[in-house]
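The values are calculated or read from the model by the stated rules, or taken from the named source; none is laboratory data. Source: prediction; values computed, not measured. Don't worry about glycine lacking a Cβ; one is built from the backbone with ideal geometry, like all the others, and counts go over all protein chains shown. Just so you know, the surface numbers come from the protein's heavy atoms only, side chains and all, with ligands and any DNA or RNA stripped out. Shrake-Rupley method; radii C 1.70, N 1.55, O 1.52, S 1.80 Å.
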Amino acid sequence: MRTDAADVEQLATAPAFQSIGFGRKFKDNLATVLFAAAFVIAVIPLLWVLWTLLERGLQPILSADWWSHSFKGLLPTDFGGGIYHALVGTVFEGLVCLIFAVPLGVMVAVFLVEYGQQSKLAKAATFMVDILSGLPSIVAGLFIYALWITTFGMTRSGFAVALALLLLMLPVVVRVTETMLLIVPNELREAAYALGLPKWKTIVRIVLPTALSGIVTGVMLGLARVLGETAPLLILVGYSSAINFDLFRGEMASLPLTIFMERSTGTMAGDYRMWGAALTLVIVIMLINLAATGLSKIFAIKTK
């Protein structure tokens, strides 16, 4: 009996944590080194790209005329001018794409999560969204060209570009909204139903406001993605070095198209304007990402 009591006392006083063996320490340190190396390898190209953009594109954007003038009247060998005409085209095309993509994408996602569920129509819609998610941008441009220009007889314009960007942005909005709606707890819906709210009012007043923060973030990031597409621009609209405020008629510049056209000149002045336009595009996308972060915080559910 004394021996058993001594054994119990020894077990009770033994350290709770045993020393970590050499093998576990080695594996842990090796994993840490590998993860850190992977991070450095991934960051180096990004920093290199950013440094190249700043080195070659900073001088143009610091010019007083860069944000208020166009390239109208400039020869390929002339330095100077501004990116105002391309900014106008990029903003107009992005706004039209946003106006159409957000309500369509949100309503499709609401149908899939709240109404369709496992119905045949919902499965067909999910299948089509999956196809659009992997659609190359040049195919979207060719489809709009065949439908809008060849079939309907419309002219090449900035609005046609916005329609092609819509095809690329729509699946992003649908997927993000669908994911955020699925995260909303079912208890909120059940509580609203118990208080007598109809389903549509529950969705509008309870479900969507709860998921709004994530939806807004996804929409803004989707917009930033499509604004950098070049292939639809080459097919659906011509390049103009002058400012054009008409989305339905005439050639219209945009930042990706300006980069492509200035690179094709093969001159030092063209490279000067090309790098300035590239850095301007990065700044625009950065501002959209910052806006997405700010709007996400604004629309987030406030808790104590």
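First check a/c for the stretch 10-109, with a ≥ b ≥ c the square roots of the eigenvalues of its C-alpha gyration tensor; if it is under 1.5, answer rounded, and if not, answer prolate when a/b is larger than b/c or oblate otherwise. Oblate.
In this simple spin-label model, placing a label point 7 Å from the Cα along the Cα-to-Cβ direction at both TYR115 and MET268 gives a separation of 6.3 nm. Dipole magnitude for the chain: computed about the Cα centre from +1 point charges on Lys and Arg Cβ and -1 point charges on Asp and Glu Cβ, it is near 520 debye. Dipole orientation for the stretch 96-250: of the candidates THR126, LEU165, VAL176, THR126 has the Cα lying most toward the positive pole (charges on Cβ; Lys, Arg +1; Asp, Glu -1). Taking 30 Å as the limit for the C-alpha separation, the pairs LYS120/LYS297; LYS25/LYS297; LYS72/LYS297; LYS120/LYS201 exceed it in the case of LYS120/LYS297; LYS25/LYS297; LYS72/LYS297. Within the same chain, aspartates and glutamates fewer than 8 places from LYS123 are excluded, and of the rest, those with a Cα less than 15 Å from its Cα are GLU114, GLU178.
All other residues with a Cβ under 11 Å from the Cβ of SER254 taken together, and with Lys, Arg as +1 and Asp, Glu as -1, what is their net charge? For residues surrounding SER254, the net value is -3. Each other residue within a Cβ distance under 15 Å of GLU190 adds +1 if Lys or Arg and -1 if Asp or Glu, for a net charge of +2. Taking Cα atoms only, the orientation of helix 268-299 departs from the longest principal axis of the chain by about 40 degrees.
In this structure HIS69 has an accessible area near 90 Å², from a 1.4 Å probe over the protein heavy atoms. Here the spin labels are modelled as points 7 Å beyond Cα on the Cα-Cβ line, and at LYS201 and ILE301 they lie 2.1 nm apart.
With a Förster radius of 25 Å applied to the beta-carbon distance between TRP48 and ARG24, the computed FRET efficiency rounds to 0.10. Only protein atoms count toward the accessible area here, which uses a 1.4 Å probe; on the stretch 232-278, the carbon and sulfur part of that area reaches 62 percent.
Against the main long axis of the alpha-carbon atoms of the chain, helix 120-133 sits at an angle near 70°.
Would you mind checking the stretch 222-263 for residues with the amide N under 16 Å from a putative spin-label position 7 Å along Cα→C-beta of ILE283? Hits in the stretch 222-263 for ILE283 at 16 Å: 255-256, 259. Could you work out [θ]222 nm for the chain from helices alone, using -39500 (n - 2.57) per DSSP H run of at least four and dividing by all its residues? Round to the nearest 500 deg cm²/dmol. It lands at -23000 deg cm²/dmol. Based on the alpha-carbon gyration tensor of the chain and its eigenvalue square roots a ≥ b ≥ c, which shape applies: rounded if a/c is under 1.5, prolate if not and a/b is larger than b/c, or oblate? The shape class here is oblate. Other residues with beta-carbon under 12 Å from the beta-carbon of LEU279 carry, at +1 per Lys or Arg and -1 per Asp or Glu, a net charge of +1. Residue ranking by accessible heavy-atom surface, 1.4 Å probe, largest first, among ILE203, ILE298 comes out as ILE298, ILE203.
Per residue, the chain exposes 59 Å² of solvent-accessible protein surface, assessed with a 1.4 angstrom probe and all protein chains in place.
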